[in-house]
Structures are given as C-alpha cells and as structure tokens.
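Trainee: Below are the structure tokens for one structure; questions will follow.
Please treat every number below as a calculation from the coordinates, not as lab data. Keep in mind it's a predicted model, so treat the numbers as computed, not measured. Glycine gets a Cβ as well: all are built from the backbone with ideal geometry, and neighbour counts include every protein chain shown.
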Amino acid sequence: MGINIVDTTLRDGEQKAGIALSVQDKVEIAKIISEMGVHQIEAGIPAMGGDEKISVSKIAALGLPSKIAAWNRMSTKDIDTSIECGVDIVHISSPVSDLQIKTKLEKDRKWVAENLKRTVIYALEKDCEVTVGLEDSSRADLNFLIQLCEMIFALGVKRVRYADTVGIMEPKELYSQIKKIRDKVPIDIEIHVHNDFGMAISNSFAAFKAGAKFADCTITGMGERAGNCDFLKFVKVIQELTGEKIYTGDFEDIIEKENEIKKILRLNW
Amino acid sequence: MAVVMDGVKKNIIDRTIPNLVKKFQNFNNDDIAYFLKLLHETGIDLFEINRDSMDKIKKFPLNLDYIYRIENIEDYNYLNNYNFKYIILNYKTIYRFLLEDEKIQKNLKEHNIILEIDIEDLDELYLSEDNKIFCIFNIVCLRINNVSKLDFIDEDFRIKDLKSKFNVLVDFCASNKYYMATAIIINAFLNGSDIITTEFNSNDYAAMEEVIIALKSIRNIEIRGDLKLISKLTRIYEKITSERVYSMKPILGEDIFKYESGIHADGIAKNPKNYEPFNPELIGTNRKLYIGKHSGKAALVVKFKELNLNCNNIDMNLFLQDIREKSIQEKRNVLDNEIIEMYKEYNKSYQR
C-alpha cells in the first residue's frame with residue numbers, strides 16, 4: 001500500500017470543543033472505523049484517567065484488525081498508563097518549534113531532545129512499538145527537526161509524525177520539507193495536518209507524494225478549530241489521483257459507516 | 001486594488017453571485033447590495049456576474065466594478081445594462097461571436113476581454129499559429145480555468161511565459177475537484193498571477209476568505225481591506241442563503257475558535273500563537289473557552305475567574321471529575337450556568 005491511514009477521530013477528533021464520548025461510544029466508533037480498513041486507530045490519551053483510560057483499554061482488548069495506539073506526553077507515567085491499557089503502539093509527542101518549546105513548555109531545544117530520548121528509550125525497553133510525534137513541525141527549524149529524526153531513528157524508532165499543528169503549511173513547501181527529511185533520515189513519516197486554511201487534503205497529498213507512508217485523518221475531518229484531514233475526502237482523492245483504494249468495500253459502504261459514526265457523535269452536518 | 005505583494009498590486013475577482021443565483025431564489029436587493037459592499041470593503045475589486053444574475057437581482061450597486069460573463073449570443077443583449085470593466089469570453093465559444101453581425105462584433109471589440117481557457121486547452125493556444133482572436137478582440141487578460149491539481153515540483157514558469165507571449169495579464173481560477181483550489185490559487189498568486197478568482201464560502205472554487213487570510217497570516221502579504229468585516233459577511237451570507245455556514249468551515253465556521261482540551265487551553269493561556277494560526281480579532285471574532293471532558297484543572301480555574309466563582313473551599317480535582325462525568329453524560333461541554341449550579345451545590349455541601 002502506498003499510504004496507510006492513521007485515524008485519530010477518538011483522540012484529536014474528540015478534542016473538538018463540545019465533543020464528549022462515553023466508553024461505549026468510543027468502543028462502537030473504533031469498531032466501525034476498523035471496518036473501514038484503516039491501518040491504525042489512535043484511541044485516546046490514557047493519562048487523562050477515568051473513562052478515557054477505560055475506553056482505550058476496552059478498544060485495545062477488542063483485537064481489531066487495525067493497530068491501536070495511545071497518545072502520550074514525554075512522561076514515563078503517561079507511558080506506563082498506556083502500557084497498562086494493552087495498546088499496540090505508544091505514541092510519544094513533543095513540541096519541536098521554538099515558539100512552543102519556549103512559551104508552552106518553558107524549556108529549550110536541549111531539554112526536548114534529552115527528554116524525547118529518555119522517554120523513547122523507556123518505552124522501547126518495555127518492548128513497546130513506539131512512534132514519535134513532532135508537534136508544530138511546520139513552525140520548527142528544519143535542521144532541528146532533522147537532528148531529532150536522526151536521533152529518534154538511531155534509537156530504533158521507525159516512524160515520526162510531522163504535525164502541522166496550526167494548519168499553516170502550503171503543499172509545495174511541505175513536499176520540499178518531507179523530501180529533505182527523507183533524504184537525510186530513512187525514517188517513515190506520518191503526516192498530521194489541520195485545516196485552518198482549507199489545505200488539509202492538499203497538504204496530506206503533497207506529503208504522500210514526497211514519500212510519507214502514513215496520513216492522519218478523522219471522520220468528517222472533525223478536530224480542533226477547522227479540524228483535520230477528512231478521511232472520506234482524502235481516500236477519494238487518493239483513489240482518483242493514484243488509482244489506489246485504501247478503504248474496505250465500496251465508497252458507498254464507507255459513506256454509510258461515516259453516517260453511523262455521525263449518529264453516535266450526534267453531528268448534524 | 002486588493003492585495004499588494006513586493007510593491008505590486010494584484011486584483012481579486014469574486015464569482016459568488018453566479019453560484020448564488022444558481023442555487024437560491026428570491027433575493028432581497030438590499031441584502032445583496034450590503035453583501036457586495038462588505039466584500040468590496042474586505043478587499044474584492046471586481047465582481048463577476050452573468051445574465052442569470054441580472055435576471056434574478058434587479059439592481060446591482062453602481063459604485064462597484066463588474067465583469068460580465070457572456071456565454072451565449074442572447075447574453076449580449078444585457079451588455080449595456082452596466083458599465084462593465086471586463087467581458088469574459090470562453091476560448092471554446094469565442095469564435096461564435098465572429099460569425100455574428102458586425103454590430104455585435106464591433107461592440108465586443110470596444111470592451112476589455114478576459115479570455116477564459118481551460119488549462120487542458122493551453123497547449124492548443126500555444127500551438128495555434130494565427131491566434132487571430134488576439135487581433136480581433138482586445139484581450140487584456142487570460143483566465144486559466146479549471147486548474148484542479150497542484151504541481152509540487154516544477155517551477156511556475158508558465159505564468160511568466162504566458163504573459164510575455166500573449167502580452168496579457170493572467171488570472172487563475174481553480175476548481176476544487178480535489179480539494180486543492182485554495183492551495184492552487186495561493187501558489188498562482190505567489191508565482192506571478194496578476195488576478196485571482198475566488199468565491200465566498202466556496203466548495204467549487206478557491207474560497208476567498210481562505211485565500212486572503214492565508215496570504216495575510218502565513219505570508220504577511222498586505223491586504224487592502226478591512227478583514228474584521230468577515231464576521232459580518234458571514235452573517236449576511238447566511239441571511240441571503242437562509243443556511244448556516246458549516247461550523248468548522250475554515251475562517252468562517254462558528255466553532256473554529258472554540259477550544260477545550262487541557263493541553264490547548266494551557267498553551268493558549270501562555271501564548272495564543274501556540275495553537276492559533278491567527279488572532280480571531282483579525283476577522284472580527286473572539287476565542288471561547290469550553291469546559292468539558294477534555295478540560296484540565298488550569299482551564300477550570302480560568303473559567304471560575306471568568307464566572308466570578310471563588311476556588312477556595314472547592315476541591316478542584318473532584319470538581320473537574322464531576323465536570324468530566326457531566327460532560328460525558330450530556331455528550332457535550334458543560335454550560336456556564338451548569339457550572340454555576342454545580343458550584344452552588346458544592347458550596348452547600350461544604351457549609352453542611
């Protein structure tokens with residue numbers, strides 16, 4: 001397959017203000033999303049505790065064809081909580097732009113590199129499959145990004161997530177950046193974009209053309225602010241422009257499944 | 001002049017009206033006039049209309065510049081309704097007008113023509129040896145139409161080449177068939193296009209609001225218009241169409257500046273730029289903090305301050321737990337009045 005879909009409806013999608021899913025809702029949605037043929041489901045953030053942790057555990061226990069991942073900060077406590085849930089993949093995320101490192105974390109680049117290394121090693125030693133998220137990549141220094149990718153790859157991690165956290169990327173520039181990273185580091189890239197200026201699909205497609213093997217999507221594109229890359233629209237564009245079908249069944253089948261999920265989410269759009 | 005890049009002024013053509021009249025009926029002239037006025041004040045220079053537009057909207061404001069799209073000979077009869085700045089003729093049908101009577105030909109020749117050509121037909125235009133249409137008509141601009149895909153690799157030499165070969169301005173009009181129209185138009189703008197064509201709240205073309213706010217926020221391009229009017233534009237558009245704009249529509253959607261998740265709330269409190277591509281005040285709106293399942297304690301403290309509630313005597317961890325449970329139970333965020341009620345209950349229990 002040219003590109004694999006990582007569905008993040010149950011994590012980034014649910015972060016859309018005003019969305020609150022119960023354990024049962026999340027389990028049902030996970031089943032439907034898996035039936036659509038996605039490679040991986042990012043089920044949530046177990047470190048939130050309570051119902052969130054219970055839902056990730058239950059989803060992991062379903063034994064779905066899709067791999068189940070949990071989102072973590074650079075925290076061994078977060079990672080332990082995810083491992084307790086029995087997920088397939090532990091995703092460790094860190095801001096990588098100077099803006100977010102300084103004003104959000106109140107740290108510096110050295111601290112980020114050290115703590116990414118520390119927590120990645122911790123998770124790998126627990127026999128976890130690890131992916132690393134580079135938040136705000138699109139506003140980060142590209143050389144710093146590449147250094148981090150080199151470090152992460154050397155530790156044994158096979159995939160990083162390039163996140164256009166505030167949706168400011170343009171496709172040609174993104175294509176160029178992904179190419180440069182891939183030219184320097186043979187690590188798989190997972191593209192994660194936001195739709196703040198209506199460029200989520202074009203950016204995800206550009207990243208794919210540059211060699212990204214994974215693309216994050218959500219059902220209906222729901223997510224923070226103007227949302228994420230819309231799953232149905234993206235797979236349709238991939239099929240029409242490349243001939244590759246990356247979903248299960250007919251397109252009408254996945255429209256129907258999207259509608260089932262919208263009913264659970266109580267969405268009327 | 002709407003947009004200035006490197007000291008060069010470029011124009012924006014709006015083609016909202018032809019699509020509006022295709023989809024809806026019964027327009028209030030005052031609403032349309034107000035809508036166009038706001039678009040103009042936001043930065044739109046030229047308004048494209050067609051015969052259908054003039055049939056359904058009886059009177060267009062006279063202080064704006066219009067472009068008339070002529071598709072059939074019958075459309076010609078409306079040519080003198082307004083003092084059109086440009087006429088759009090399509091490459092595939094322009095020769096039809098050469099066969100018409102001399103009066104029509106003469107009249108058309110007196111106008112500035114935008115020749116609209118699909119990108120697939122550009123090679124034919126290049127290869128055509130006599131190109132007599134450039135001799136017969138006063139073609140001042142080539143509109144490259146139906147561009148639906150973005151080339152990620154090549155340098156965009158073609159725009160400059162077109163300008164020098166045909167001695168014309170270039171306008172780009174993208175198709176949103178593959179959801180790439182906004183990216184295509186921004187790219188064309190940055191690579192020499194003199195004019196770009198957009199539509200407000202568009203699904204079919206590049207969305208005007210996405211393009212101009214992206215140019216402003218991402219590229220720091222000067223937009224000569226009052227972008228704070230975008231919120232008012234959305235309201236009048238909703239009134240004209242009797243439909244709400246999609247709640248997550250980039251730039252216009254009512255949900256796009258609502259936030260709830262603990263990590264985002266914390267990041268925004270420290271510096272809104274952490275999680276906002278532009279300040280909501282740029283477009284005349286503001287951000288709104290929601291409290292719900294994904295809220296953290298810090299956000300709850302902020303909300304308490306906002307509602308003039310005292311954190312003392314409240315176990316905020318327990319309160320947050322209750323907030324999350326209520327949010328899941330209601331399948332939405334917890335409303336301000338509900339937070340106040342919960343707070344009162346907590347205080348009653350404490351006093352017992």
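Trainee: For A:Gly133, list long-range residues whose amide hydrogen, built 1.01 Å from N in the peptide plane, is under 5 Å from its own amide hydrogen.
Mentor: Here A:Ile92, A:Ser93, A:Ser94, A:Arg161 satisfy the definition.
Trainee: So what is the orientation-averaged projected area of the protein assembly as shown, using the convex hull of its C-alpha atoms, in nm²?
Mentor: Here the figure is 30.1 nm², rounded to one decimal.
Trainee: Taking beta carbons within 10 Å but only from partner chains, what does the mean come to for residues A:19-25?
Mentor: So the per-residue partner count for this stretch is 5.
Trainee: Mind checking which aspartates and glutamates have their Cα closer than 20 Å to the Cα of A:Lys107? Skip sequence neighbours fewer than 8 apart in that chain.
Mentor: Counting by Cα, and skipping residues close in sequence, A:Lys107 has these aspartates and glutamates nearby: A:Asp78, A:Asp98, A:Glu135, A:Asp136, A:Asp141, B:Asp266.
Trainee: Relative contact order for region B:208-289: what is it in percent, counting Cα pairs under 8 Å that are at least 6 residues apart?
Mentor: In percent, rounded to a whole number, it is 32.
Trainee: Students often check this: by mean Cβ neighbours within 10 Å, which of A:198-207, A:183-192, A:101-110 ranks highest, and how do the rest follow?
Mentor: So the order, starting with the most tightly packed, is A:198-207, A:183-192, A:101-110.
Trainee: Hey, fewest Cβ within 10 Å first, where do B:Asp121, A:Asp164, A:Asp12 land in order?
Mentor: Listed from fewest to most nearby Cβ atoms, that is B:Asp121, A:Asp12, A:Asp164.
Trainee: OK, next. Could you compute the net charge surrounding A:His91? Neighbours are other residues with a C-beta less than 12 Å from the C-beta of A:His91; K and R count +1, D and E count -1.
Mentor: Result for the local shell: -3.
Trainee: So, one more: Which whole number gives the average, over all residues in B:327-336, of C-beta atoms from other chains lying within 10 Å of the residue C-beta?
Mentor: For peptide B:327-336, the averaged partner shielding equals 4.
Trainee: Moving on. Let me confirm one metric for peptide A:166-174, namely the mean number of other chain beta-carbon atoms within 10 Å of its residues' beta-carbons.
Mentor: 6
Trainee: What ranking of A:Arg118, B:Arg143 emerges when the number of other C-beta atoms within 10 Å of each C-beta is taken as an exposure proxy, fewest first?
Mentor: In increasing order of surrounding Cβ atoms, one gets A:Arg118, B:Arg143.
Trainee: Are there GluC sites (Glu not before Pro) in region B:1-108 that DSSP puts in a loop and that have at most 16 other Cβ atoms within 10 Å, and which ones?
Mentor: Hits after loop and neighbour filter: B:Glu71, B:Glu100.
Trainee: Say a site is exposed when it is one of the chymotrypsin sites (Phe, Trp or Tyr not before Pro), sits in a DSSP loop, and has at most 14 other Cβ atoms within 10 Å; what is then the longest site-free stretch of chain B?
Mentor: Segment B:158-352 is the longest.
Trainee: Which value in nm describes the separation of the simple spin-label points at B:Tyr95 and B:Lys297, placed 7 Å from the Cα toward the beta carbon?
Mentor: Taking the simple label geometry, B:Tyr95 and B:Lys297 are separated by 7.8 nm.
Trainee: Let me ask something additional. Taking a threshold of 21 Å on the Cα-Cα distance, which of the pairs A:Lys209/B:Lys149; B:Lys9/B:Lys58; A:Lys16/A:Lys263 fall above it?
Mentor: Among A:Lys209/B:Lys149; B:Lys9/B:Lys58; A:Lys16/A:Lys263, the Cα-Cα distance tops 21 Å for B:Lys9/B:Lys58.
Trainee: Here's a follow-up. Roughly how many whole Å is it from the C-alpha centroid of region A:38-89 to that of region A:192-269?
Mentor: Going from one Cα centre to the other spans 22 Å.
Trainee: Given B:Lys37/B:Lys270; B:Lys22/B:Lys165; A:Lys77/A:Lys236; A:Lys102/B:Lys305, which pairs have Cα atoms separated by over 30 Å?
Mentor: As for pairs spanning more than 30 Å Cα to Cα, those are B:Lys37/B:Lys270; B:Lys22/B:Lys165; A:Lys77/A:Lys236.
Trainee: Let me ask something else about it. Going by C-beta contacts inside 10 Å, put B:Glu254, A:Glu170 in order with the fewest on the left.
Mentor: With the fewest neighbours first, B:Glu254, A:Glu170 line up as B:Glu254, A:Glu170.
Trainee: Determine the relative contact order of chain A: mean sequence separation of Cα pairs under 8 Å and six or more apart, normalised by residue count, in whole percent.
Mentor: The normalised contact order for chain A reaches 20 percent.
Trainee: Only helical DSSP H runs with n ≥ 4 go in: add -39500 (n - 2.57) per run for chain A, normalise by residue count and round the 222 nm mean residue ellipticity to 500 deg cm²/dmol.
Mentor: That comes out to -13500 deg cm²/dmol.
Trainee: Moving to a separate point now. What chymotrypsin sites (Phe, Trp or Tyr not before Pro) in region A:89-180 are in a loop by DSSP, with at most 13 other Cβ atoms within 10 Å of the Cβ?
Mentor: Within region A:89-180, no chymotrypsin sites (Phe, Trp or Tyr not before Pro) qualify (loop, at most 13 other Cβ atoms within 10 Å).
Trainee: Report the trypsin sites (Lys or Arg not before Pro) located in region B:35-64 that are in a DSSP loop and have at most 12 other Cβ atoms inside 10 Å of their Cβ, or state none.
Mentor: In loop regions of region B:35-64 (DSSP not H, G, I, E or B), the sparsely surrounded trypsin sites (Lys or Arg not before Pro) are B:Lys58, B:Lys59.
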